[in-house]
1. Would you mind finding the one in D560, D547, D554 that is within 20 Å of A721 (Cα to Cα) and more than 33 Å from the chain's Cα centre (by Cα)?
2. Could you go through region 264-283 and let me know if any residue there is without any contact (Cβ under 8 Å) to a residue 60 or more places away in the chain, surrounded by 22 or more Cβ atoms within 10 Å (Cβ to Cβ) and under 25 Å from the mean Cα position of the chain (by Cα).
3. Inside region 650-680, can you point out the residues that are under 26 Å from D554 (Cα atoms), open to solvent by 50 Å² or more (accessible area, probe 1.4 Å) and within 34 Å of the chain's Cα centre (by Cα)?
4. Please determine whether any residue of region 425-432 is within 22 Å of L29 (Cβ to Cβ) and either in a helix (DSSP H, G or I) or under 24 Å from the mean Cα position of the chain (by Cα) (or both).
5. Applying the selection to region 523-556, what residues are within 17 Å of E491 (Cα to Cα), assigned to a helix (DSSP H, G or I) and open to solvent by 30 Å² or more (accessible area, probe 1.4 Å)?
6. Only one residue in A422, A446, A384 is in contact with a Ser or Thr (Cβ under 8 Å, 6 or more places away or on another chain) and surrounded by fewer than 19 Cβ atoms within 10 Å (Cβ to Cβ). Which one?
7. If you scan region 70-87, which residues turn out to be closer than 13 Å to E50 by Cα and open to solvent by 10 Å² or more (accessible area, probe 1.4 Å)?
8. In region 557-581, which residues are under 19 Å from I746 (Cβ atoms) and open to solvent by 30 Å² or more (accessible area, probe 1.4 Å)?
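The values are calculated or read from the model by the stated rules, or taken from the named source; none is laboratory data. Fair warning: this is a prediction, and the values are worked out from it, not measured in the lab. Virtual Cβ from ideal backbone geometry, glycine too; neighbours counted across all protein chains shown. Surface accessibility is based on the protein's heavy atoms, side chains included, excluding ligands, DNA and RNA. Shrake-Rupley method; radii C 1.70, N 1.55, O 1.52, S 1.80 Å.
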Amino acid sequence: MLPFGLPKTDHLEPTIEPQLKPIQLVETLADLYRRLGTCLESEKSLICIEQYSILSSLGDPKLLRRCLRAARQHAFDVHSKVVLSALLRYERREDEHNGVSPMDCSSFILECPKATLESGCDLNSIYDHCKCYQECTNSADVQISKEDELLTLEEDSDISFCVGNEEIDCVRSKIAALSTPFKAMLCGSFIESKRSKIDFSQNGISVELMKAVDLYSRTKRVDMFSPKIVLELLSFAERFCCEEMKSACDIHLATFVNCMEDVLVLIEFGLEDRANVLVASCLQVLLRELPSSLHSPKVMRIFCSSEARERLAAAGHASFLLYYFLSQVAMEEDKVSNTTVMLLERLKECATLKWQKALALHQLGCVWLERLEYKSAQCYFEAATEAGHVYSLAGIARSRYKQGQQHSAYKLMNTLISEYKAVGWMYQERSLYNTGENKIADLNTATELDPTLSFPYKYRAVSKAEEKQTKDAISEIDRIIQFKLAPDCLELRAWFFIAIEDYGSALRDIRAMLTLEPSYKMFNVRLSGDDLIDLLNHKVQQGSQADCWLQLYDQWSSIDDIGSLAIIHQMLVNDPWKSLLRFRQSLLLLRLNCKKAAMRCLQLACNLSSSEHEKLIYEGWILYDTGHREEALAKAEKSILIQRSFEAFFLKAYTLSDSNLDPESSSYVIELLEEAIRCPSDGLRKGQALNNLGSKYVDSGKLDQAANCYMNALDIKHTKAHQGLARVYSLRNQQKAAYAELSKLIEKAHNNASAYENRSEYCDSEMAKNDLNMATELDPLRTYPYSYRAAVLMDDQKETEAIEELSKAIAFKPDLQMLHLRAAFYESIGNLNSALCDCEAALCLEPDHIDTLDLYNRARDQAIHPQQI
């Protein structure tokens, strides 16, 4: 069962992350916020992309989507709108949605393929629906009447253009009006101005084209011509500087671009004749087809070479933004491919600003490091460092280490640690070049400074396994898995379980791993997860689908999310077309903060849905999760009209709850949840509805009804209802009962950090402190314990220690609430500059946060008028 043995510590190393990682993240975010407030409107979109590139290292899809939306909102030019619209669509993984073509409109201006081809924007309506449904306009508005057309065509001709043996009669003034060169030739001092016949036989112009030129000059229309003739007109217009004709042909040809085949035919004409709108329309299809279009050699020829970039630039369509999007997709698909390298080289060529150069150079360094080309990697990392990216020093150290210069790498990281404020990744990197106890000390310091770094846990675990302490190794890797789920950590734990012949636990971890990343390759790409599952299935008794449902019920009740994921994965092997199971997967993944994987499962549920009402529910959840609350409500209501179901009522109630409800609205949500409970459903979902209903009753002051809901939920093993029942007891001033209720939850729940955090509210200060310390140990990403401890220290007038407590967490998780609280602490001790910096960083994350805006304005007033303090 261990064909390659266990992983060795000598083979472990962390990746150099291919994102910008500012050494002072809070200050960088604050600077971005200030620049957004003072820059020109035309500069805002690019600053939002800079913000996106910096926040990418945090891995929060909602934050990133907000940056992209803001960038799209402030984009004025067609090119930027096309790229950003496609990027928003890609981030939502719309390509995985069955029945959706690349040019389908989502009904929102932000992503509408037609709205992107119009320059300029209305900042007030950018989140509105687009006007695609209003396309059918009155024919009288767009067509010339037959009578007017005949009058136009019958205008007396006074000049003929000879093409071969044919003469095309034209109107001199009309042809002259096409361009300045024609005006000079026909009405100026040239000999042609005196002639009634002009020979065009030597210009490579066909009779059909010249007739079309004449007809256009009279009608100013191109829609009566075939696409072939319009293409010829476009070339004619480019050749003879007929800007109005060129624009008409450009816009008309763009309407023919709907699929990849259209693009491959038309884009060459667009690039040759520098037809901006036609090329934009072609780019739009190519970008909205990503990632599949990335694998077409014909498509990549349009982007990859320097000559290709120059051709795009001539048509107004080569930009840092375009190549940033393309290179990010390429890196996700295959980090070491030649395509990725070429796209990153073009990204470097397009980079003009300092941060753009730093990003492009750093990413090239990461790719060459992965390709084992260490000298090239070192050169790029050095150039990125010169561009101001301090994190690239880690890349330089790694490149030197790979070339046998371990001492040089150690000295470099040592210097970095002495010159800058300590950050977790610095000690993690130095540990690679250290030995013995010093290596472990560096790893422990890295974990203390940034507990989200996975490498220290992995190294310590493998080190214990090498010493035959496999159970201790499992305990070590458990420390990170319980709050941060990642495929590599699950894989490692699976190998440890195999080593102690606990094949059931190994199988669980591999199934959960493949849920997160279905194509994940184990043991350095030498073994697929599916192959190992086949091997382990011979060691573990397989239950029926009915057995799996019973196991799922038990795992869900004990809040064992990894176990639940594994069971659903097994059930999907037996019944791969079950949309309900995909939906359950998405709910679990959201609970585990695996948002991209959750969205993929939700898309699959939508694709597999067997009825219209069910599909509407999943579409509603997708809309809700991407910030479209009103549209999610509409989907729920439409589903209810087709068939009253638990999930439709639950979606509607959940979506309505996501706002500050007045008493009337709150009563309506209660009605919806009661209606959902009356509909057929299984205990897992019904327990959730009862729990939510109990919460609404508590908010309405109906404690008896709330308690009844929670008790009913507990009767069907919805364990989290202990938390709600504890709240009811607390509101009745029964603190001991509340504490006891949460103690039951701690005993039952596999993941119980939140239970410790909640129990701290119902006990004395010393016990609360212990519970919150335990919550932090189990899940250091939970922010409330840091805030509580900081507030206690502040009450004890230990301001420095209070600020340090918050700073500890902000260093690895720049959370809005913690930044706001630290800003308030800074304000209270008169450190207004630091208070303003924290407010600006918080507002960079959430620009409309009312409390932070109030604090920011107050601190700014105090800084401007210190005499009034």
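1. On the way: D560 fails: more than 33 Å from the chain's Cα centre (by Cα); D547 fails: within 20 Å of A721 (Cα to Cα).
When all the criteria are applied, what remains is D554.
2. Yes, that holds for at least one residue.
3. Within region 650-680, Y654 is the sole residue that qualifies.
4. At the first step, the residues of region 425-432 found to be within 22 Å of L29 (Cβ to Cβ) are 425-426.
This time we only want the ones that are either in a helix (DSSP H, G or I) or under 24 Å from the mean Cα position of the chain (by Cα) (or both), so: 425-426.
Yes; the residues of region 425-432 include at least one that is within 22 Å of L29 (Cβ to Cβ) and either in a helix (DSSP H, G or I) or under 24 Å from the mean Cα position of the chain (by Cα) (or both).
5. At the first step, the residues of region 523-556 found to be within 17 Å of E491 (Cα to Cα) are 523-537.
Keeping just the survivors that are assigned to a helix (DSSP H, G or I) gives 523-525, 529-537.
N524, V525, D530, D531, D534, L535, N537, listed by residue number.
6. On the way: A446 fails: surrounded by fewer than 19 Cβ atoms within 10 Å (Cβ to Cβ); A384 fails: surrounded by fewer than 19 Cβ atoms within 10 Å (Cβ to Cβ).
Step by step, each of A422, A446, A384 is checked, and only A422 is in contact with a Ser or Thr (Cβ under 8 Å, 6 or more places away or on another chain) and surrounded by fewer than 19 Cβ atoms within 10 Å (Cβ to Cβ).
7. Matches in region 70-87: A70 only.
8. S558
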